[in-house]
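Data first, discussion second: the structure below is written as structure tokens.
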Amino acid sequence: MKHEELVAFLIRAKQKTYAGHGAEIEPSRPASHDLRYEEKTAAGNLLYIDTFLGGTKFAGEEAVWINGIPIWSMNYYGRVTGEPFSGDFLKAALFEVPVEKPFRGPNLFSQDEYTYHCKSDGDFEWFQGYEDICYKDKKIYELYFHGGIIL
């Protein structure tokens, strides 16, 4: 499968699951939150799963499979550090995932009094980064992420 097709699938999957207010599926582990998106294409069966544990402090993993073989993964750990945190604002920022950095949200996203920042190093095959949300210039959320191709 071409790199561009995989990135396009990943973006659709993110926008159909957490960022797009998608419904959770049956948990794969005790107390986990799981979201799933699938497509059947000429290149094969594509599967995306996002699974995380926790609430205001949380850890998770997003992964992509082609025909049952894992090919890409990203781990993340985040926490809410202040109020008023808005999960809807975070989802709006993540919905704007850029093609050139299809990990989390854009470098900068603002709405009302909220501002989302995302910095990353690397590319789709090997990357790490950090995001935060500020409300009226006060940091209220932060997250670290890393991942890449695993096949």
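The values are calculated or read from the model by the stated rules, or taken from the named source; none is laboratory data. These numbers were taken from a predicted model, which means no experiment stands behind them. Every residue, glycine among them, receives a Cβ derived from its backbone with ideal geometry; neighbour counts consider all protein chains shown. Note: accessible area is taken over every heavy atom of the protein model, side chains too, but ligands, DNA and RNA are not part of it. Shrake-Rupley method; radii C 1.70, N 1.55, O 1.52, S 1.80 Å.
Checked against (1) at pLDDT 95 or above; (2) part of a loop (DSSP other than H, G, I, E, B), Leu151 meets all criteria but (1).
Residue check: is Tyr18 open to solvent by 30 Å² or more (accessible area, probe 1.4 Å), in contact with a helix residue (DSSP H, G or I) (Cβ under 8 Å, 6 or more places away or on another chain) and under 19 Å from Ile140 (Cβ atoms)? Quick ask: steps written out before the conclusion?
Values: open to solvent by 30 Å² or more (accessible area, probe 1.4 Å): yes; in contact with a helix residue (DSSP H, G or I) (Cβ under 8 Å, 6 or more places away or on another chain): yes; under 19 Å from Ile140 (Cβ atoms): yes.
When the stated conditions are applied, Tyr18 passes them.
Output the strands (runs of 3 or more DSSP E) that fall wholly within the stretch 13-76 and possess 1 or more residues being under 20 Å from Tyr144 (Cβ atoms) and of a type in the set (S, T, N, Q), or say none.
Details: elements: 32-41, 44-54, 57-66.
It comes to 32-41, 44-54.
Within the stretch 75-94, identify whether any single residue is under 21 Å from Asp123 (Cβ atoms), out of contact with any helix residue (DSSP H, G or I) (no Cβ under 8 Å at 6 or more places or on another chain), modelled with pLDDT of 95 or more and not small (Gly, Ala, Ser), and answer yes or no. Taking every residue of the stretch 75-94 in turn, at least one turns out to be under 21 Å from Asp123 (Cβ atoms), out of contact with any helix residue (DSSP H, G or I) (no Cβ under 8 Å at 6 or more places or on another chain), modelled with pLDDT of 95 or more and not small (Gly, Ala, Ser).
Taking the stretch 87-99 as the range and being open to solvent by less than 60 Å² (accessible area, probe 1.4 Å) and more than 19 Å from Ser73 (Cα to Cα) as the test, the residues that pass are Gly87, Phe89, Leu90, Lys91, Ala92, Ala93.
Listed residues Tyr37, Tyr76; which is surrounded by 14 or more Cβ atoms within 10 Å (Cβ to Cβ) and in contact with a Ser or Thr (Cβ under 9 Å, 6 or more places away or on another chain)?
Details: Tyr76 fails: in contact with a Ser or Thr (Cβ under 9 Å, 6 or more places away or on another chain).
Matching residue, one of Tyr37, Tyr76: Tyr37.
Scan the stretch 117-141 for residues that are of a type in the set (D, E, K, R), surrounded by fewer than 16 Cβ atoms within 10 Å (Cβ to Cβ) and in a strand (DSSP E or B) and jot them down. Please lay out each step first, then the result.
Pass one, the stretch 117-141, residues of a type in the set (D, E, K, R): 119, 121, 123, 125, 131-132, 136-139.
Narrowing further to those that are surrounded by fewer than 16 Cβ atoms within 10 Å (Cβ to Cβ): 119, 121, 123, 125, 136-139.
Lys119, Asp121, Asp123, Lys138, Lys139 - these are the residues of the stretch 117-141 that are of a type in the set (D, E, K, R), surrounded by fewer than 16 Cβ atoms within 10 Å (Cβ to Cβ) and in a strand (DSSP E or B).
Residue under question is Glu26, and the condition is that it be open to solvent by 70 Å² or more (accessible area, probe 1.4 Å), in contact with a helix residue (DSSP H, G or I) (Cβ under 9 Å, 6 or more places away or on another chain) and of a type in the set (Asp, Glu); does it hold? For Glu26, the condition - open to solvent by 70 Å² or more (accessible area, probe 1.4 Å), in contact with a helix residue (DSSP H, G or I) (Cβ under 9 Å, 6 or more places away or on another chain) and of a type in the set (Asp, Glu) - is not met. Which residue, of Glu62, Glu100, Glu113, is at pLDDT 95 or above, charged (D, E, K, R) and under 24 Å from Pro30 (Cβ atoms)? Going through Glu62, Glu100, Glu113 in turn, just one is at pLDDT 95 or above, charged (D, E, K, R) and under 24 Å from Pro30 (Cβ atoms): Glu62.
Being surrounded by 15 or more Cβ atoms within 10 Å (Cβ to Cβ) and of a type in the set (Val, Ile, Thr) is the filter; apply it to the stretch 63-73 and report the residue that is farthest from Cys134 (Cα to Cα). Among residues in the stretch 63-73 that are surrounded by 15 or more Cβ atoms within 10 Å (Cβ to Cβ) and of a type in the set (Val, Ile, Thr), the one farthest from Cys134 (Cα to Cα) is Ile66. Can you confirm whether Pro84 is crowded, with 17+ Cβ neighbours inside 10 Å, in contact (Cβ under 8 Å) with a residue 24 or more places away in the chain and not in a strand (DSSP E or B)? Taking the combined requirement at face value, the residue does not satisfy it.
Within the stretch 100-116, how many residues are open to solvent by 40 Å² or more (accessible area, probe 1.4 Å) and under 13 Å from the mean Cα position of the chain (by Cα)?
Selection size over the stretch 100-116: 1.
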